[in-house]
Amino acid sequence: GDSVTQMEGPVTLSEEAFLTINCTYTATGYPSLFWYVQYPGEGLQLLLKATKADDKGSNKGFEATYRKETTSFHLEKGSVQVSDSAVYFCALSDHSGGYQKVTFGTGTKLQVIP
Amino acid sequence: NAGVTQTPKFRVLKTGQSMTLLCAQDMNHEYMYWYRQDPGMGLRLIHYSVGEGTTAKGEVPDGYNVSRLKKQNFLLGLESAAPSQTSVYFCASSYGDRGPNQPQHFGDGTRLSIL
């Protein structure tokens, strides 16, 4: 079945540092890939997505590229801010089960210190 | 724009009590989902619905029931609450009928404690 593996956290960075959160996946079909962000006390929000191989999703300075050859979708940001402190979830979505099935990673907590 | 609204936001129950969690979406989405979020386990799908009047089991359905009598509402019921059901519950909805590239939209969650 489908699976998503994320690097474990928590990740602690200083403000303006470079961020990478690794995500790899296993899927039988051709899934779409997502990064969601969860701020304290809130639900998940879509951060970015990519729907086919070599697509790059980007939003708010975050980027991730759909790499089919390495089955990866790593999240990057060049300069993090304190406001980026949150939990980040990698996810894949496909229709292999006859409905839009979404498989989430376990989440990576990011803490950015001033 | 309300999006996905969950009620209640917090609840404490005693073992054996029953309750219903409510989810409402105003985006005319066909698909709706209930997840539970536990530390270190990400989100696990409890039940889902692909349209009004339909429901199906997800990954961890035992101890829960759902109903989707109206397109905009998806109800999650606990018939006899157990401490293992202490969790944060999230409702989500999407245009999943339009393909796998549709994102899910989430409510802010219901924090449920079973004593």
Task: Hits in the range B:92-115 (condition: open to solvent by 20 Å² or more (accessible area, probe 1.4 Å), modelled with pLDDT of 90 or more, at the interface with another protein chain (Cβ under 7 Å from one of its Cβ atoms) and part of a loop (DSSP other than H, G, I, E, B)) - done: B:PRO103, B:ASP108
TODO: Output the number of the condition that A:GLN100 fails; it satisfies all remaining conditions of (1) of a type in the set (S, T, N, Q); (2) modelled with pLDDT of 95 or more; (3) open to solvent by less than 10 Å² (accessible area, probe 1.4 Å).
DONE: (2)
- [ ] Take the residues in the range B:27-36 that are within 10 Å of chain A (Cβ to nearest Cβ) and farther than 15 Å from B:LEU112 by Cβ, then tell me which one is most open to solvent (accessible area, probe 1.4 Å).
- [x] B:GLU30
- [ ] Six or more apart or on different chains, Cβ under 7 Å: which pairs go from a residue in the range A:59-72 that's over 16 Å from A:LEU19 (Cβ atoms) to one that's assigned to a loop (DSSP other than H, G, I, E, B) and among the aliphatic types (A, V, I, L, M)? Could you list them?
- [x] A:TYR66/A:ALA53; A:LYS68/A:ALA53
- [ ] Scan the range A:94-112 and give yes if some residue there is free of Cβ contacts under 8 Å to residues at least 24 places away in the same chain, aromatic (Phe, Trp, Tyr) and either farther than 24 Å from B:ILE46 by Cβ or at the interface with chain B (Cβ under 8 Å from one of its Cβ atoms) (or both), otherwise no.
- [x] yes
Task: Selected residue (only one of A:GLU63, A:GLU15, A:GLU76 is open to solvent by less than 80 Å² (accessible area, probe 1.4 Å), more than 30 Å from B:THR5 (Cα to Cα) and under 11 Å from the mean Cα position of the chain (by Cα)) - done: A:GLU76
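Residue by residue through the range B:17-26, note down the ones that are touching a residue at least 60 places away in the same chain (Cβ under 8 Å) and either of a type in the set (Lys, Arg) or open to solvent by 40 Å² or more (accessible area, probe 1.4 Å) (or both). Explain how you work it out, then say what you get.
Going residue by residue through the range B:17-26, those that are touching a residue at least 60 places away in the same chain (Cβ under 8 Å) are B:17-19, B:21, B:23, B:25.
The answer is B:GLN17, B:SER18.
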Open item on the list: One residue is enough: does the range B:37-59 have a residue meeting the conditions away from every other protein chain (no Cβ under 14 Å), more than 15 Å from A:THR103 (Cα to Cα), in contact with a Leu (Cβ under 6 Å, 6 or more places away or on another chain) and of a type outside the set (Lys, Arg)?
Closed with: no
TODO: Kindly provide the set of residues from the range B:1-16 that are within 14 Å of chain A (Cβ to nearest Cβ) and open to solvent by less than 90 Å² (accessible area, probe 1.4 Å), ordered by number.
DONE: B:ALA2, B:GLY3, B:VAL4, B:THR5, B:GLN6, B:THR7
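Return the only residue of A:LEU33, A:LEU46 being open to solvent by 50 Å² or more (accessible area, probe 1.4 Å), within 14 Å of chain B (Cβ to nearest Cβ), part of a strand (DSSP E or B) and within 17 Å of A:THR106 (Cα to Cα). Before the answer, list the steps.
On the way: A:LEU33 fails: open to solvent by 50 Å² or more (accessible area, probe 1.4 Å).
Among A:LEU33, A:LEU46, only A:LEU46 is open to solvent by 50 Å² or more (accessible area, probe 1.4 Å), within 14 Å of chain B (Cβ to nearest Cβ), part of a strand (DSSP E or B) and within 17 Å of A:THR106 (Cα to Cα).
The values are calculated or read from the model by the stated rules, or taken from the named source; none is laboratory data. Computed from a predicted model, the values in this text were never measured in an experiment. Every residue, glycine as well, gets a Cβ built from its backbone with ideal geometry; the counts of neighbours run over all protein chains shown. Each accessible area value is taken on the protein alone, full model and side chains, heavy atoms only, with ligands, DNA and RNA left out. Shrake-Rupley method; radii C 1.70, N 1.55, O 1.52, S 1.80 Å.
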